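The structure under discussion appears below in the form of structure tokens.
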Ligand SMILES: Cc1cc2nc3c(=O)[nH]c(=O)nc-3n(C[C@H](O)[C@H](O)[C@H](O)COP(=O)(O)OP(=O)(O)OC[C@H]3O[C@@H](n4cnc5c(N)ncnc54)[C@H](O)[C@@H]3O)c2cc1C
């Protein structure tokens, strides 16, 4: 039997958006294979309403595994649960998000079920004739897109970049089945327990979830100039992003980096300042709704993909933009 599975993510009993993004990928594959799409939800305290949302957004079935010992992501226990499920139901395809938990979980799981894994896919499709999963991801520094298939092993496993697809709209008429899987002691690895979480830099910036991003690049000339980017981002109620050049120069921390080796973002508004628009940077912003580019070079690649391009010196344009934002806040314009 051929099933497509996606692994949902939750935090504090609430589903993360990436669970729905995976379903839109999975739906397309399941339809091509004319098979069912299931979402696997491990956690604790997730409401039935949340599970129904998984169905309204594309799942035919939801396998739910709820237990207080599974409330937090513990790789060893989650892998035990998934290994048991995979061996019982034998899905053909298993997709997870390329988040920190997905990236930790999937290689471990792949070893346990003797499968391969393609990490960080940007495209997924089904090969005509064979039904194999075509897993496409950037390779060789993003210069080529490589398509990988796994003809000899099942399940075919891949992680997908968050924000690289949009969730399907909710279809209130969709019907599906919620299957409760009982938790047995052998699914829990008692050697690992979460005692608490330490806050680190990544918690203070979440570019992946932000609706507005103001990003700076090498054109800012020095790290201190990120202060004006931060002030502008604050006025928009947004967060600061950066190109790799800015991060590599130590002007700003890595969690802000957007692009192939940084985060993939999908804001309503992205403003790139002093960023040329390399293919690696563009790979991270292509699902943004509105792109604004501020760059002194009229030929900059970011201008070419931008909805609005402002050609000029960032050190004149940003203060002017800031002045207008401040005025607007003060009610003058
Ligand atoms: C494997 C690999 C992975 C990579 N991953 C990433 C990634 O995740 N993210 C990423 O960003 N890059 C990534 N890169 C690097 C990428 O190739 C580029 O080097 C990088 O994106 C360039 O950053 P930049 O646009 O800030 O700098 P530049 O390309 O140097 O552009 C600076 C821009 O600033 C403009 N400028 C200069 N002065 C001013 C001014 N006063 N006012 C306005 N504009 C001005 C210039 O016209 C220029 O367009 C990766 C590269 C490789 C090989």
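The values are calculated or read from the model by the stated rules, or taken from the named source; none is laboratory data. Please read these numbers as outputs of a predicted model, since none were measured by experiment. Positions of Cβ are generated from backbone atoms using ideal geometry, with glycine treated the same way; all protein chains shown enter the neighbour counts.
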*Quick one: which residue in 177, 163 is more than 13 Å from the ligand (Cβ to nearest atom) and within 20 Å of the chain's Cα centre (by Cα)?*
163
*Working only within region 285-314, note down all residues that are within 12 Å of the ligand (Cβ to nearest atom) and at pLDDT below 95.*
285
*Go through (1) in a loop (DSSP other than H, G, I, E, B); (2) surrounded by fewer than 17 Cβ atoms within 10 Å (Cβ to Cβ); (3) more than 8 Å from the ligand (Cβ to nearest atom); (4) modelled with pLDDT of 95 or more and name the single condition residue 251 misses.*
(2)
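May I ask you to say which residue of 261, 276 is within 9 Å of the ligand (Cβ to nearest atom) and free of Cβ contacts under 8 Å to residues at least 24 places away in the same chain? Steps first, answer last, please.
Values: 276 fails: free of Cβ contacts under 8 Å to residues at least 24 places away in the same chain.
So the residue among 261, 276 that is within 9 Å of the ligand (Cβ to nearest atom) and free of Cβ contacts under 8 Å to residues at least 24 places away in the same chain is 261.
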*Could you look through region 140-160, keep only residues that are part of a strand (DSSP E or B) and within 16 Å of the ligand (Cβ to nearest atom), and pick out the one that is farthest from residue 50 (Cα to Cα)?*
144
*asked:* Return the residues of region 269-309 that are under 26 Å from residue 98 (Cβ atoms) and either in a loop (DSSP other than H, G, I, E, B) or outside the structural domain of residue 209 (by TED's automatic domain parsing) (or both); say none if nothing qualifies.
replied: 275, 276, 277, 278, 283, 284, 285, 286, 287, 288, 289
*Are any of the residues in region 229-240 in contact with a helix residue (DSSP H, G or I) (Cβ under 6 Å, 6 or more places away or on another chain), free of Cβ contacts under 8 Å to residues at least 24 places away in the same chain and either near the ligand (Cβ under 8 Å from one of its atoms) or assigned by TED's automatic domain parsing to the domain that holds residue 309 (or both)?*
no
*Within region 205-220, is even one residue within 13 Å of the ligand (Cβ to nearest atom), more than 18 Å from the chain's Cα centre (by Cα) and either surrounded by fewer than 20 Cβ atoms within 10 Å (Cβ to Cβ) or within 30 Å of residue 47 (Cβ to Cβ) (or both)?*
yes
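Kindly indicate which of 166, 103, 137, 80 is part of a helix (DSSP H, G or I) and under 29 Å from residue 289 (Cα atoms).
Values: 166 fails: part of a helix (DSSP H, G or I); 137 fails: part of a helix (DSSP H, G or I); 80 fails: under 29 Å from residue 289 (Cα atoms).
None of the others qualify; the one that does is 103.
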*asked:* If a residue must be under 18 Å from the mean Cα position of the chain (by Cα) and either near the ligand (Cβ under 10 Å from one of its atoms) or at pLDDT 95 or above (or both), how many such residues does region 264-273 contain?
replied: 3
*Candidate set from region 95-139 (those that are free of Cβ contacts under 8 Å to residues at least 40 places away in the same chain and within 16 Å of the ligand (Cβ to nearest atom)); member that is nearest to residue 284 (Cα to Cα)*: 137
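Do you know which residues across region 30-49 are outside any strand (DSSP E or B) and over 23 Å from residue 79 (Cβ atoms)? Spell out the reasoning first.
Here is the first cut: in region 30-49, the residues outside any strand (DSSP E or B) are 30-35, 44-49.
Passing the criteria: 30, 31, 32, 33, 34, 35, 47, 48, 49.
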*In region 316-328, which residues are surrounded by 15 or more Cβ atoms within 10 Å (Cβ to Cβ) and within 9 Å of the ligand (Cβ to nearest atom)?*
317, 318
*May I ask you to list the residues in region 170-202 that are under 26 Å from residue 20 (Cα atoms) and surrounded by 11 or more Cβ atoms within 10 Å (Cβ to Cβ)?*
170, 171, 174, 176, 177, 178, 179, 180, 181, 183, 187, 202
